[in-house]
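The values are calculated or read from the model by the stated rules, or taken from the named source; none is laboratory data. Owing to the predicted nature of the structure, the values given are computational and were not obtained by experimental measurement. When we count neighbours, we look across all protein chains shown, and the Cβ atoms used for this are built from the backbone with ideal geometry, even at glycine. We work out accessible area using only protein heavy atoms, side chains counted, and drop any ligands, DNA or RNA first. Shrake-Rupley method; radii C 1.70, N 1.55, O 1.52, S 1.80 Å.
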Amino acid sequence: MKQVTLHQLKVFEAVARHNSFTRAAEELFLTQPTVSMQVKQLTRAVGVSLFDQVGKRLYLTQAGEELVKTCRAIFENLEKFEMTVADLQGLKQGRLRVAVITTAKYFIPRLLGPFCRRYPGIDVSLQVTNHEHIIGRLNDNADDLYVMSQLPDYLDITYEAILENPLVVIAPADHPLANETNIPLERLGDEPFIMREPGSGTRKAVQELFDARDITLKVQLDLGSNEAIKQAIAGGLGISVLSRHTLALEGVCNQLTILDVEEFPIERYWYAVYPNGKQLSIVARTFLDYLLTEGKDFAQKTAPRRTSAQIPSNGTPPPSDANSEDQGHPVDHPPAS
Ligand code: PGA
């Protein structure tokens, strides 16, 4: 292994990630014969084959899989070292990889704006994806930080709450229940209901509430997008329960309203998550600290209901008392602007 170079490891990791010599060559601006040669030399140095080729497809061997993990750990440590050096020079510099669940796109990009202005040396890569993919990425240690509401109960993680995530009942502005207060939960069972897709954290929370009260919803439609659901509500297809954050920019349209239903809003939290034991890079720690201070300020500005001391992290279960300030407001007074 003594002859192995960092360059060979980078080339190998790119081939493994793309499962293709051609795409790795494109990414690295190399020719394909150069990429093949580097992998061949690396294979010779390791002494066992790293890929099996079956037809046109490449498969990592067990040794190949282990080497991919080793490469990623080496690159991560080198990146951290670079950040440490930059930090010693008084700079916050490096790459920040954040992956967030779909609904968090309503506030994370806004929080990133001031963060990037404050730390122009930090390059941010933001992935917005569904629960299953987030969990996959978390398992693969693909990012620095994750933001989600529905925490996986089977992974060893560290989490800190950064913001409240109240779920509210959204209806068309001219809905007959729009001006009623304290609408009984059962009443929603009569309404055509639009549900988020299976796997969504929002859907799980809604189902838990209605199952606990033995109420069956008339689900007309499953949609995998908050925006599509809002359009469907405005188009008169039914009502739904979504995060209040999904209404962040709705102020001017005034086509949707939040119904004042008993037991709503459903209280949830947005959590910043990372694998337990992971050493956060300086840049990731800076972003987490920023979320825990400015994120909470943002929460207080947009929904000033709790003190930050009540917001939970590992070991502190989220408080469960409902509040009524989210209820019965037309959406032309948005929660965030
Ligand atoms: P979503 O909600 O999956 O419904 O987008 C976020 C979450 O619960 O983690």
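Observations, loosely collected:
- Pick from segment 126-135, criterion open to solvent by 30 Å² or more (accessible area, probe 1.4 Å) and under 22 Å from Val68 (Cα atoms), ranking: nearest to the ligand (Cβ to nearest atom): His133
- Of all the residues in segment 84-109, those that are more than 18 Å from Ala142 (Cα to Cα) and either away from the ligand (no atom under 16 Å from the Cβ) or assigned to a helix (DSSP H, G or I) (or both) number 16.
- Taking the criterion of being modelled with pLDDT of 85 or more and out of contact with any strand residue (DSSP E or B) (no Cβ under 6 Å at 6 or more places or on another chain), the only residue of segment 86-101 that qualifies is Gly94.
- Helices (runs of 4 or more DSSP H) wholly inside segment 1-56 that include at least 1 residues being within 17 Å of Lys69 (Cβ to Cβ): 6-18, 32-46
- Filter result (without any contact (Cβ under 8 Å) to a residue 60 or more places away in the chain, within 30 Å of the chain's Cα centre (by Cα) and buried (at least 18 other Cβ atoms within 10 Å of the Cβ)) within segment 170-202: Phe193, Ile194, Met195, Arg196
- Any chance Leu112 is part of a helix (DSSP H, G or I) and surrounded by 14 or more Cβ atoms within 10 Å (Cβ to Cβ): yes
- Number of the condition not met by Ala73 [criteria: (1) farther than 28 Å from Val4 by Cα; (2) out of contact with any Gly (no Cβ under 6 Å at 6 or more places or on another chain); (3) away from the ligand (no atom under 16 Å from the Cβ); (4) open to solvent by 30 Å² or more (accessible area, probe 1.4 Å)]: (1)
- Selected residue [closer than 19 Å to Trp270 by Cα and surrounded by fewer than 14 Cβ atoms within 10 Å (Cβ to Cβ)] from Leu209, Leu167, Leu155, Leu242: Leu155
- In the set Gly235, Gly277, only one residue is outside the structural domain of Leu177 (by TED's automatic domain parsing) and either in contact with a Ser or Thr (Cβ under 8 Å, 6 or more places away or on another chain) or surrounded by fewer than 20 Cβ atoms within 10 Å (Cβ to Cβ) (or both); that residue is Gly277.
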